[in-house]
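One structure below.
The numbers here are math on the coordinates, done by the rules we state, and not lab data. These numbers come from a predicted model, not from an experiment. Please note: Cβ atoms are built from the backbone with ideal geometry, for glycine as well, and neighbour counts cover all protein chains shown.
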């Protein structure tokens, strides 16, 4: 059974850091060392475990009526075995609010697989254009798609985009 522990509670912080840095390109993640400086009331870093073995990571933010999943990854050796889906659905079952996440544009087979993965769990691919701001000074913006548990109209999309820009990326 998949369980979650906070990064602070987990005995697998080295696993978490390694997976975080290997699973996401530099332009799609903040420096790992900066995570401890984030608002602990809103930002959460979980290590997914199967028994005593770490299997993945999930970082997310909680806002009023919204959960934003920033990063989700399963150990590369465990992918395509149903563990990712079980882990994600376990987390999702605990969320009553709207849940949103960013995914890369489906321009590659791997990116297309990610969109299909979230769609298979009922997430909507919202049509509005979205650009992920850079995580680092001098970094590049990344075109992304916002996927959500419930479909977003234009006003909801703009509210969520503005919230993420302000709270997650520090863009005013």
Length-normalised contact order for the chain - Cα pairs under 8 Å, 6+ apart - percent: 18
Cα-based convex hull, the chain, per residue volume (Å³, whole number): 120
Separation in nanometres of the label points that stand 7 Å from Cα toward Cβ, at residue 131 and residue 27: 1.2
Label zone at residue 89 (point 7 Å along Cα-to-Cβ), backbone N below 11 Å, segment 121-147: 121-122
Residue list for segment 23-38, given a label point 7 angstrom along the Cα-to-Cβ vector of residue 8 and an amide N cut-off under 12 Å: 36-38
Where the Cα pairs of segment 1-92 fall when distances are cut into 10 Å bins, in %: 16, 53, 28, 2
Helix-only mean residue ellipticity at 222 nm for the chain, each DSSP H run of n ≥ 4 adding -39500 (n - 2.57), per residue, nearest 500: -8500 deg cm²/dmol
